[in-house]
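The values are calculated or read from the model by the stated rules, or taken from the named source; none is laboratory data. Being a predicted model, the structure only gives us computed values, none of them experimental. Here the Cβ positions follow ideal geometry from the backbone for every residue, glycine too, while neighbour counts run over all protein chains shown.
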Amino acid sequence: MKRKRKFPILFITITLIIITALLFPTWTPKIEGVNSVAELKSIEINGTKLEVMIRGADKSNPIAIFVHGGPGSSEIPYVRKYQDLLEEHFTIVHYDQRGSGKSFHFFEDYSNITSEQHVDDLLALTEYVKEEFSQEKVILISHSYGTYIGLQAASKYPENYAAYIGIGQVSNTTESEMDSLEYIIHQAQQAGNQKDVEQIESLRDSIENGEAHTPRNMVRKYGGAARLIDENMDYLLGFLTSPEYNLLDVIRYFKGISATQEILLDEEKDKDITTIVNKIDIPLYFVMGKYDYMTSTNAAKKYYDNLDAPIKDFIIFEYSAHYPQFEEERLFADWLIKTSKSLEL
């Protein structure tokens, strides 16, 4: 009888814990200061609601909008741990893109999602934050797939932006993937992992023909994704402990990736960024990790050399892979603070 009584109590307890985790209110921690800002909110953008996190020690500081990659890989769950120094000098804006993370809505149809929608959303968000903080221009910082969106937005409406910064900049997809393939083969040979060599070699034709990507688990295994951080652990800890995300948001995160990632990656492959943007009318910076083989540094340099911009620079972080803004956090912050002082803000 005692065992029978314990079961419904345990079931009710577990159910209540799950419901609490699903619906627990989310927020972003306060920043001390009379003119500081720390907001996590949903705003109406182009017929959908996008989740936006805005943080900074002083609202009068320059605005920097960060465009996350993936597609679908929001950085809101964990990014605060890497931006304390930036928050002292900038108003930092992160947002979950349409169909991503907290911006995924269960009853919206994402089957026809395009990068053009993402570009339009970014432009509308830019107008929103410019008006909100009474500033004429913002610094646009994009990462990984986000650079596919950000560079198009900066090219389309350069008057919105003081500069474009592409971290882990995408370029010609096939060239980038082939560079990753050759890197993994070399690293696997050096490590004596013949099985990995054979697996990657078996994919050579499909990657060369643009039909497949170099397996990301292999890129990670051989240090082409991150070298000084554990990005997967960052996500796990963020999902478990971040006040910005609850369990329902975690479910949204994975549903968003499932619904949008393949569609958007196929579009990126078919509409090569190097054929879309060959000129930009504002200062342009590519910030790359030396060991980045998620979006090849070598392929990005080739694209950079053919881009026309009034001011441009190609910056390599010597110890990083795909996340130099996190892997060499302080060096990146110092570089951004210094660079921003030369911009027309």
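Against the test of being assigned to a helix (DSSP H, G or I) and either in contact with a Lys or Arg (Cβ under 7 Å, 6 or more places away or on another chain) or closer than 23 Å to residue 160 by Cβ (or both), the options 266, 249 yield a single qualifying residue, 249. Within the stretch 151-194, the set of residues being under 23 Å from residue 207 (Cβ atoms), of a type in the set (Ser, Thr, Tyr) and surrounded by fewer than 19 Cβ atoms within 10 Å (Cβ to Cβ) comprises just one member, 174. Here residue 148 meets each of (1) assigned to a loop (DSSP other than H, G, I, E, B); (2) surrounded by 21 or more Cβ atoms within 10 Å (Cβ to Cβ); (3) among the aromatic types (Phe, Trp, Tyr) with one exception, condition (1). Residue-level analysis places residue 135 outside the set of residues that are over 26 Å from residue 117 (Cα atoms), more than 22 Å from the chain's Cα centre (by Cα) and either assigned to a helix (DSSP H, G or I) or not small (Gly, Ala, Ser) (or both). Does any residue of the stretch 1-13 turn out to be outside any helix (DSSP H, G or I), modelled with pLDDT under 60 and not charged (D, E, K, R)? Yes, some residue in the stretch 1-13 is outside any helix (DSSP H, G or I), modelled with pLDDT under 60 and not charged (D, E, K, R). Among the residues that make up the stretch 251-262, is at least one of them crowded, with 16+ Cβ neighbours inside 10 Å and among the hydroxyl-bearing types (Ser, Thr, Tyr)? Yes, there is a match, as at least one residue in the stretch 251-262 is crowded, with 16+ Cβ neighbours inside 10 Å and among the hydroxyl-bearing types (Ser, Thr, Tyr). Whether any residue in the stretch 169-191 is in contact (Cβ under 8 Å) with a residue 24 or more places away in the chain, touching a strand residue (DSSP E or B) at 6+ places or on another chain (Cβ under 6 Å) and not in a helix (DSSP H, G or I) is what I want to check. Scanning the stretch 169-191 turns up at least one residue that is in contact (Cβ under 8 Å) with a residue 24 or more places away in the chain, touching a strand residue (DSSP E or B) at 6+ places or on another chain (Cβ under 6 Å) and not in a helix (DSSP H, G or I). Of all residues in the stretch 54-75, those that are free of Cβ contacts under 8 Å to residues at least 60 places away in the same chain and farther than 19 Å from residue 118 by Cβ have Cβ atoms under 7 Å from Cβ atoms of residues that are among the polar types (S, T, N, Q) and crowded, with 24+ Cβ neighbours inside 10 Å, 6 or more apart or on another chain, in 56/91; 61/91.
Quick grid of which residues meet (1) of a type outside the set (D, E, K, R); (2) under 25 Å from residue 101 (Cα atoms); (3) touching a residue at least 24 places away in the same chain (Cβ under 8 Å):
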site: 232; (1), (2), (3): yes, yes, no
site: 259; (1), (2), (3): yes, yes, yes
site: 265; (1), (2), (3): yes, yes, yes
site: 280; (1), (2), (3): yes, no, yes
site: 294; (1), (2), (3): yes, yes, yes
site: 300; (1), (2), (3): yes, no, yes
site: 308; (1), (2), (3): no, no, yes
site: 315; (1), (2), (3): yes, no, yes
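I'd like to verify a number: residues in the stretch 206-227 that are in contact (Cβ under 8 Å) with a residue 40 or more places away in the chain and either part of a helix (DSSP H, G or I) or among the β-branched types (Val, Ile, Thr) (or both), how many? Residues meeting the conditions: 3. Counting only residues that are in contact (Cβ under 8 Å) with a residue 12 or more places away in the chain, part of a helix (DSSP H, G or I) and not hydrophobic (A, V, I, L, M, F, W, C), the stretch 234-246 holds 3 of them.
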